[in-house]
Amino acid sequence: MDILVYIFNILIFPGFLFCFFFGLLLSGIDRKLVARMQRRIGPPVFQPFYDFFKLIGKGHIIPRGAAKKTFMLAPIIGLLGVVIISMFIPIFGYVFIPKTADMIVILYLLTVPAVALILGGSSSGSPYSGVGISREMVTMLSYELPLVIILLAVGSKVGHSLGEIGNVTFSLSKVAEYQANNGMLICSLSMIPAAIAFLLCIPAEVGTVPFDVAEAETEICEGPLVEYSGKYLALYKLMSAIKMFIMGSLFVALFFGGTGFGTGIKFLPLNTLLMMILVIITISISVSFLRAIVARIKVEHTLKFFWTVPTALALVSLILTYVTTL
């Protein structure tokens, strides 16, 4: 029976089908919001679904000099990585895979899509891919530092209150339990800087403007994706959409967790709906708003920005968790 539950969780909810639908839907909402902010009509909300199935139905071309196995397997590995993350993120107290260090697991799994993009691009043999790969590496190094400090700040806040060994916890289930008993972390003054830093990290993690330096369509023809077409390009696009959904869900779990959005209601369909609303609001602020008002920045500015502003904000929260009870 447990095996059937795990299969259901992996393939349907909160796994592949759930992430597939809400990931592409969120991508469509993002595109529509950006268009409206720029006084354009924009594509339909379901346009990402049309694009995905259109690409699936098209043929694909593998470059003559490409490492074929790596070229074909890279998008599949990246997609599996982001889908697996969904199994570790609780939905307002509902924990699907309870672990003691799932935040560390999530941190490692979040690098899988970036590594898959690097491997896929490097296997194509395109010079544009080479430029995109180097940019992707720099971007990944940029946002990893503040992201680690953010998770450490949240773990310190919860671990100190729960009396964990070393006063730090890396369990998302305990973070959800703490918020169910003590209120959402976003209401804690010491966690507000970390929440702002996390919002700044989401566009870089997803690879959207102003941090889409690795793909930069107008400069390097989508960089690592320049040689991809058909179903393999569709998998990369799906991976990006699901990653946006995962990052929004992780933000909600870290800072708006607990049970039933503070209502005390533990009803999975309602809690899932509330979570989706919060994810849409999160992505609208973090991704859509920035895309509408900010142009692409240079890769060297990306490193400087993340190692100053988000890192400083995360450090402020980390320090406050040890010096104040707020």
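Nothing in this text is a laboratory measurement; each read-out follows from the coordinates by a stated rule. Please read these numbers as outputs of a predicted model, since none were measured by experiment. Neighbour counts run over all protein chains shown; Cβ positions are idealised from the backbone, glycine included.
Tabulated data
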| quantity | calculated |
| --- | --- |
| Computed label-point distance, nm, for sites R39 and I281 using a 7 Å Cα→Cβ extension | 2.9 |
| Inter-probe distance in nm under a simple model that places probes 7 Å from Cα toward Cβ, at L17 and I293 | 4.0 |
| Selection from L162, F21, L278 lying farthest towards where the dipole of the chain points positive, charges on Cβ | F21 |
| Kirkwood Rh and Cα Rg combined as Rg/Rh, the chain | 0.97 |
| With Cα atoms, 0 to 90° folded angle of helix 230-255 axis to the chain main axis | 10 |
| Label-to-label distance, nm, for residues given as V5 and I76 (7 Å Cα→Cβ offset) | 3.0 |
| Ordering of 205-212, 148-155 by packing [mean C-beta count within 10 Å, highest first] | 148-155, 205-212 |
| In degrees, nearest ten, helix 192-206 long axis to first principal axis of the chain (Cα) | 20 |
| Net charge contributed by nearby residues that have their C-beta within less than 10 Å of L117 (K/R +1, D/E -1) | -2 |
| Dipole of the chain, positive direction: furthest Cα of A66, A312, F52, with charges on the beta-carbon | F52 |
| For the stretch 109-118, 3J(HN,Hα) per residue [Karplus equation, 6.51 cos²θ - 1.76 cosθ + 1.60, θ = phi - 60°, Hz, x = Gly/Pro] | 5, 5, 7, 4, x, 5, 5, 4, 5, 5 |
| Principal-axis tilt of helix 16-37 within the chain, Cα atoms, nearest 10 degrees | 80 |
| Extension gain (nm, one decimal) between L268 and E300, 0.36 nm per residue minus Cα-Cα | 7.1 nm |
| Efficiency of FRET from Cβ geometry, I186 and H160, R₀ 22 Å, rounded to 0.05 | 0.80 |
| Cβ-placed point charges (K, R +1; D, E -1), dipole of the stretch 2-323 about Cα centre in debye, nearest 20 | 640 |
